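The values are calculated or read from the model by the stated rules, or taken from the named source; none is laboratory data. Because the structure is a prediction, the values reported are computed rather than measured. Backbone-built Cβ (ideal geometry, glycine too); neighbour counts: all protein chains shown.
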Amino acid sequence: MEIITDITSMQQSALSLRREGRRIAFVPTMGFLHEGHASLLREGRQRGDVLVLSIFVNPIQFGPSEDLDSYPRNLEGDCVIARACGVDIVFTPTAAGMYPPGFQTAIRVPELALPLCGASRPGHFDGVATVVAKLFNIVQPDLALFGRKDFQQLAIIRRMTLDLSLPVEIVGMPIVREADGLAMSSRNAYLSADQRQSALCLSRAIRLVRERYAAGERRAETLREEALKLIADEPAATIDYLELRDAATLEPAADVSDTTLMALAVKIGTTRLIDNTLLGDDL
Ligand code: AMP
């Protein structure tokens, strides 16, 4: 496994691999890898001839009061997981390399970035779309894998890829959860033992809504109120948003169906966690 930090070297390697006709599978991450990332890497290993993992805590997708400086990092541990998943190249650019002096270009997917996480994290998805476009240009992937854990991010990347005719196949992957239902996240590392228990309210709210939907309830507002109440009963939790929306447009839904997305963001102490489910999908 090769570790490449230099952007030009990464791009040159990618271009020469493609000239040899090798199919590049790419998994972009911010590191502190867990089983969710590993599931993307294993799928990428199956689908590509060469597997590239990027680890980059992207400063332009963090707001001024967010956790850029404290975001968990562990390159050594990440390399152990990467090796076990068959990664060929770990690309670890620096912020100075990615954003040279005078950097000013941005990619915006304005409508899909408006609701949900976009509403509470202004500019976040511009930072995400911009870095992913840049990473695609550097890594030259044939396919790139993203988790549905970040459902809105995946929708924005699909839209950007289509709108800009980027020659990359986007693969969405299921949410990987802990045995008790908590969606895996690098940010779970911030939680104390008590907070870790409180954090179960997100997946419980999802389960409740899925059960009520399976039992025939179709009114979005009723489902939403029941889920909000479940979270309000958890003293350590502060709701950022909890919404039922059309999965394709992210517009509000009055009546829910198999194509309705339930998405929520909840703060446990100072840690902001997200989770979601598509009502028609398996959990
Ligand atoms: P991150 O390092 O948090 O930026 O995530 C990198 C990629 O891993 C993104 O495509 C995420 O959606 C995906 N990912 C993170 N957590 C999970 C999870 N629990 N299940 C599936 N994919 C995940």
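Points worth noting:
- Selected residue (criterion: nearest to the ligand (Cβ to nearest atom)) from residues of segment 28-48 that are among the polar types (S, T, N, Q) and in a helix (DSSP H, G or I): SER39
- Residue within segment 90-102 that is closer than 16 Å to GLY147 by Cβ and among the β-branched types (Val, Ile, Thr) present: no
- Where PRO93 falls short, out of the listed (1) buried (at least 17 other Cβ atoms within 10 Å of the Cβ); (2) within 18 Å of the chain's Cα centre (by Cα): (2)
- Hits in segment 143-159 (condition: within 22 Å of GLY48 (Cα to Cα) and either within 13 Å of the chain's Cα centre (by Cα) or not in a strand (DSSP E or B) (or both)): ALA144, LEU145, PHE146, GLY147, ARG148, LEU154, ILE157, ARG158
- Verdict on ALA205 being away from the ligand (no atom under 16 Å from the Cβ), touching a residue at least 12 places away in the same chain (Cβ under 8 Å) and among the small types (Gly, Ala, Ser): yes
- The sole residue among PHE136, PHE125 that is away from the ligand (no atom under 12 Å from the Cβ), assigned to a helix (DSSP H, G or I) and under 28 Å from GLY269 (Cα atoms) is PHE125.
- One residue alone among VAL87, VAL52, VAL57 is outside any loop (DSSP other than H, G, I, E, B) and either within 11 Å of the ligand (Cβ to nearest atom) or modelled with pLDDT of 95 or more (or both), and that residue is VAL52.
- Pair list, Cβ under 9 Å, 6 or more apart: segment 131-148 residue farther than 22 Å from ARG108 by Cβ, other residue basic (Lys, Arg) and part of a helix (DSSP H, G or I): GLN140/ARG18; ASP142/ARG18; ASP142/ARG47; LEU143/ARG47; LEU145/ARG47
- Of the residues making up segment 171-184, those that are near the ligand (Cβ under 8 Å from one of its atoms) and either in a loop (DSSP other than H, G, I, E, B) or more than 18 Å from LYS267 (Cβ to Cβ) (or both) are MET173, PRO174, ILE175, VAL176, ARG177, MET184.
- Matching residues, segment 1-23, being over 16 Å from ALA84 (Cβ atoms) and either near the ligand (Cβ under 9 Å from one of its atoms) or in contact with a helix residue (DSSP H, G or I) (Cβ under 6 Å, 6 or more places away or on another chain) (or both): ILE4, ILE7, MET10, GLN11, ALA14
- Among residues of segment 185-194, those that are within 13 Å of the ligand (Cβ to nearest atom), assigned to a loop (DSSP other than H, G, I, E, B) and surrounded by fewer than 19 Cβ atoms within 10 Å (Cβ to Cβ), counted: 0
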